[in-house]
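Below is one structure, written out as structure tokens; comments come after it.
The values are calculated or read from the model by the stated rules, or taken from the named source; none is laboratory data. These numbers come from a predicted model, not from an experiment. Note that each Cβ is placed from the backbone with ideal geometry, even for glycine, and that neighbours are counted across all protein chains shown. Protein only, heavy atoms only, side chains kept; ligands, DNA and RNA dropped before computing areas. Shrake-Rupley method; radii C 1.70, N 1.55, O 1.52, S 1.80 Å.
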Amino acid sequence: MVNAALVDCLAHPLVQIEGMGHRAPEGTDEYYFNVYIAESGNGAPGINQYTGAYYTQDRERWPMIVLREGSLEDPDNMAATAAHEFYHAVQFE
């Protein structure tokens, strides 16, 4: 299931970081950026009870963000959390 508001939240920071001279996260020029809702099934990554979201890389070293489902309930929180985690991917470059 795609959350359109979440997609919009992540598209805007990508435009901003490129405008500031940062490199986009590895592979995002050719592929989608992996974003998971934690523990949503079909092999989605887990999350501990104290974490709202995190950035990491998958086994093949592709960047990914994992969000707790509750972080999607408030649009402002979702936007801030998604942008924050996305910037970690930029910093990792």
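Observations on the structure shown:
- Answer residue from the stretch 72-93, given it is free of Cβ contacts under 8 Å to residues at least 60 places away in the same chain and assigned to a helix (DSSP H, G or I) and is farthest from residue 7 (Cα to Cα) among those: 91
- Residue within the stretch 59-69 that is among the β-branched types (Val, Ile, Thr), crowded, with 16+ Cβ neighbours inside 10 Å, modelled with pLDDT of 85 or more and in a loop (DSSP other than H, G, I, E, B) present: no
- Residue that is modelled with the highest pLDDT, among those in the stretch 31-54 that are open to solvent by 30 Å² or more (accessible area, probe 1.4 Å), under 14 Å from residue 83 (Cα atoms) and hydrophobic (A, V, I, L, M, F, W, C): 35
- When 28, 81 are checked against the criterion of being at pLDDT 85 or above and surrounded by 14 or more Cβ atoms within 10 Å (Cβ to Cβ), 81 stands alone in meeting it.
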